[in-house]
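Beneath this line is the structure, given in structure tokens, with notes to follow.
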Amino acid sequence: MTARQIIIARRFCGPPESGNGGYVAGLLAKAMPTDSQITLHAPPPLDTPLDLLPAANGMQLRHEGRLLASVRPHQFELQVPPPPSYGEAEVAETRFEGIVRHDLPGCFVCGTNRQPYDGLRIFTGPMAERPSHVAAIWCPDTTLVNEAGDVASEFLWAALDCPGFFAVRPISGPALLGRFSARILQQTRPGEPLLVLGWPLRHDGRKHNAGTALYRLDGSIVGYDDATWISIARTATPEDT
């Protein structure tokens with residue numbers, strides 16, 4: 001692991017002036033040789049050179065000396081629920097709360113103001129059959145590919161982010177993404193529709209854990225995550241929803 005600089009382009013914002021947490025975590029995970037856990041300490045600024053530096057147990061992302069995120073090796077397993085059907089996910093999208101009111105309509109992942117080929121437009125709403133679970137359909141576009149023509153891993157991490165927030169939001173209220181771990185099991189190509197599912201795992205005071213998964217239409221798992229969200233006061237600005 002060597003020091004380098006990264007820049008989070010404005011396209012990949014969560015709040016208007018900082019990076020989407022899942023996307024940032026995915027970028028940092030690519031710098032690690034093994035599965036990792038990312039802890040977000042402060043909102044990373046956009047269009048700004050940031051220092052990714054080796055640390056005692058992983059790496060740290062810093063800006064002008066300020067710690068923004070830390071990365072450490074981390075192995076985890078998660079019992080992933082069955083996927084929604086295409087029809088269930090399609091109906092759940094119509095219940096996405098952001099259609100009526102969205103705190104961050106410009107978010108790269110779930111923002112309703114983002115257009116196709118710009119944002120991911122993943123609009124997870126509660127399922128009728130499993131009310132504590134949220135679901136949607138996501139079709140990655142051709143702007144999200146890596147050199148091999150697959151959807152780049154940082155965008156899969158990003159897609160796993162916001163659905164977890166909407167799964168815990170009924171209890172957490174406004175919340176910050178604190179820690180994020182993901183496992184990508186298989187590659188996917190642009191144009192392939194994926195089923196998205198988010199579900200609550202546990203609640204402990206201000207901490208709320210959620211799982212999110214991406215599935216192919218045949219039900220096979222593309223990837224899943226375990227995320228910790230921290231409830232905040234309503235007057236605060238969420239780092240990533």
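The values are calculated or read from the model by the stated rules, or taken from the named source; none is laboratory data. Source: prediction; values computed, not measured. Because the Cβ atoms are built from the backbone with ideal geometry, glycine has one as well, and the counts that use them run over all protein chains shown. Surface areas here come from the heavy atoms of the whole protein model, side chains and all, with no ligands, DNA or RNA. Shrake-Rupley method; radii C 1.70, N 1.55, O 1.52, S 1.80 Å.
The table below gives the values:
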| item | result |
| --- | --- |
| Members of the stretch 37-59 found to be in contact with a Ser or Thr (Cβ under 7 Å, 6 or more places away or on another chain), within 21 Å of Glu77 (Cα to Cα) and open to solvent by less than 10 Å² (accessible area, probe 1.4 Å), listed by number | Gly58 |
| Subset of the stretch 162-189 (residues that are open to solvent by 10 Å² or more (accessible area, probe 1.4 Å), in a helix (DSSP H, G or I) and of a type in the set (Val, Ile, Thr)) | Ile171 |
| Residue selected from the stretch 65-84 under the condition free of Cβ contacts under 8 Å to residues at least 40 places away in the same chain and over 16 Å from Ser18 (Cα atoms), by the criterion surrounded by the most Cβ atoms within 10 Å (Cβ to Cβ) | Ser70 |
| Qualifying positions in the stretch 191-234 - within 15 Å of the chain's Cα centre (by Cα) and of a type in the set (Gly, Ala, Ser) | Gly198, Ala210, Gly211, Ala213, Gly223, Ala227 |
| Neighbours by Cβ (under 7 Å, 6+ apart or cross-chain): first from the stretch 108-136, touching a residue at least 12 places away in the same chain (Cβ under 8 Å) and hydroxyl-bearing (Ser, Thr, Tyr); second part of a loop (DSSP other than H, G, I, E, B) and open to solvent by less than 50 Å² (accessible area, probe 1.4 Å) | Thr112/His102; Thr112/Pro105; Tyr117/Asp141; Thr124/Phe96 |
| The stretch 127-153: number of residues that are open to solvent by less than 50 Å² (accessible area, probe 1.4 Å) and farther than 17 Å from Gly191 by Cα | 4 |
| Given (1) within 18 Å of Phe155 (Cα to Cα); (2) open to solvent by 10 Å² or more (accessible area, probe 1.4 Å), index of the condition Arg62 fails | (1) |
| Identity of the residue in the stretch 143-161, outside any helix (DSSP H, G or I) and not β-branched (Val, Ile, Thr), that ends up nearest to Trp229 (Cα to Cα) | Asp161 |
